[in-house]
Amino acid sequence: MSERILSERVKLRRAYESPAAGDGKRVLVDRLWPRGVKKTEAAIDYWMKELAPSTELRKWFGHDPARWDEFRRRYAAEVHEHRDELDQLRNLMRNDAVTLVYSAHDEAHNDAVVLREILLRHR
């Protein structure tokens, strides 16, 4: 599978955005359910809490861009401790597009961005 096709198969979308027809399987990758989002409207197919950053890491990061590089390193280490869930996510990608759904306001500095990088790098 080419890099371009693969990158098109892993999308990112905020939980507060409406689902789109091309989302494929929608996977919530936050440990906490997004505030104010109804489960029926979110159209989440899978909730992979185990792949979310630990509570300690999430609080340490605090969405501070100055801590981004270190957050990416620490979070990647946590993700690799959950091989079964990561493999499950990779299997979903083989059959359809996957949209990683997150609730952070910062679209450039959040766990879904890192998880997408991991999925694209280790195919």
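Convex hull volume of the Cα atoms of the range 76-123, normalised per residue: 80 Å³.
So, R0 is 30 Å and r is the distance between the beta-carbons of ASN95 and LEU32; what FRET efficiency does that work out to, to 0.05? The formula returns an efficiency of 0.60 here. The fewest-to-most ranking of TRP68, TRP60 by surrounding Cβ atoms within 10 Å reads TRP60, TRP68. With 0.36 nm allotted per residue and the present C-alpha distance subtracted, the LEU12-GLU81 stretch has 22.6 nm of extension available. Annotation: the residues SER18, SER54, sorted from fewest to most other C-beta atoms within 10 Å of their own C-beta, follow the order SER18, SER54.
Decide, for the range 17-81, between rounded, prolate and oblate: order the square roots of the alpha carbon gyration tensor eigenvalues as a ≥ b ≥ c, take rounded if a/c falls under 1.5, and otherwise choose prolate if a/b is larger than b/c, else oblate. Don't jump to the answer; show the numbers that get you there.
Numbers: a/c = 2.15, a/b = 1.89, b/c = 1.14.
The shape class here is prolate.
By a straight-distance test (C-alpha under 15 Å), which aspartates and glutamates pair with LYS49 as possible cross-link partners, with residues fewer than eight away in the same chain excluded? Qualifying aspartates and glutamates at Cα under 15 Å: ASP30, GLU78, GLU81, ASP84, GLU85, ASP87, ASP111. Put in line by how crowded their Cβ is, counting other Cβ atoms within 10 Å and starting with the fewest, THR55, THR40 read THR40, THR55.
No lab work stands behind these numbers, since they all come straight from the coordinates. Please read these numbers as outputs of a predicted model, since none were measured by experiment. Counting neighbours? That spans all protein chains shown, and the Cβs are built from the backbone with ideal geometry, glycine included.
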